[in-house]
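To start, the structure under review is shown below, and the notes come after it.
The values are calculated or read from the model by the stated rules, or taken from the named source; none is laboratory data. What you see is a predicted model, and the numbers here were worked out from it, not measured in a lab. Cβ coordinates were reconstructed from backbone atoms using ideal geometry, including for glycine residues, and neighbour counts include every protein chain displayed. Note: areas computed on protein heavy atoms with side chains; ligands, DNA, RNA excluded. Shrake-Rupley method; radii C 1.70, N 1.55, O 1.52, S 1.80 Å.
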Amino acid sequence: MSDFSFRKKKGLTFYRKKIKIKKGVVGTVFECIFIALIVSFVAFVLVWLFGIKTAVVGSSMEPGLHNTQEVYMDRMIYLISAPKRGDVIAFLPKGNEKTHYYIKRVIAVPGEKIQIKDGRIYIDGKLFEDEYGSESIRDAGLAENEFELKEDEFFVLGDNRNFSEDSRSGNIGAVNRKDIYGKVWFSKKTDEYKGGFVK
């Protein structure tokens with residue numbers, strides 16, 4: 001036998017080993033990926049609903065909220081119910097996405113008639129007062145003459161009534177529900193609303 005034949009028979013031979021992956025391992029990997037995606041999605045939704053932050057601009061909500069103070073917005077609550085009187089809301093005036101979020105307090109709700117006369121608020125002809133509006137309102141603006149809020153419209157005011165641009169102003173006016181981003185929370189003052197009609 002020639003040396004060549006011997007080397008051919010006895011020479012080194014490389015074998016490609018097939019890696020066998022068990023089905024159970026594949027299932028576990030996909031299960032982990034699926035769980036991670038679900039957790040990420042839930043976290044995103046929770047942040048979107050409850051954890052979006054914005055900052056107060058100006059002094060219109062003093063003394064409860066101050067300029068540059070950061071607040072959180074609850075979006076979930078207005079998916080299941082309408083804003084109510086006393087809520088502090090974040091909204092974009094007339095849906096203008098090029099401006100910052102305005103933060104004001106809801107004073108009147110859809111279907112109610114609102115007027116400011118002699119420095120006081122009247123809703124459906126009844127005198128309305130709250131703990132934030134003790135001083136006389138100097139500028140009635142659009143509310144000088146009584147008008148009725150349409151469906152899904154809300155009349156809002158800043159707590160610092162004489163230093164606030166709100167529903168009395170022509171470039172804001174009544175706030176449509178679709179322009180309301182959420183309810184402001186994480187502030188003690190915003191959850192202790194006391195206001196009502198004078199008998």
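Expressed as a whole percent, the accessible area of region 50-163 that falls on carbon and sulfur atoms is 46 (1.4 Å probe). What pairs in 94/126; 126/183; 104/183; 53/150; 104/178 have C-alpha atoms more than 20 Å from each other? Violating the 20 Å Cα-Cα cut-off are 94/126; 126/183; 53/150. Stretching residue 75 away from residue 59 to a fully extended chain increases their span by 3.4 nm, per 0.36 nm per residue minus the current alpha-carbon distance. Phi angles across region 146-162 convert, under the Karplus curve 6.51 cos²θ - 1.76 cosθ + 1.60 with θ = phi - 60°, into 3J(HN,Hα) values of 4, 9, 9, 6, 7, 4, 6, 10, 10, 9, 10, 9, x, 5, 8, 3, 8 Hz, Gly and Pro given as x.
Label sites at residue 113 and residue 178, each approximated as a point 7 angstrom past Cα along Cα to Cβ, lie 2.8 nm apart.
Computed on region 72-132, with alpha-carbon pairs under 8 angstrom and 6+ residues apart, the relative contact order is 22 percent.
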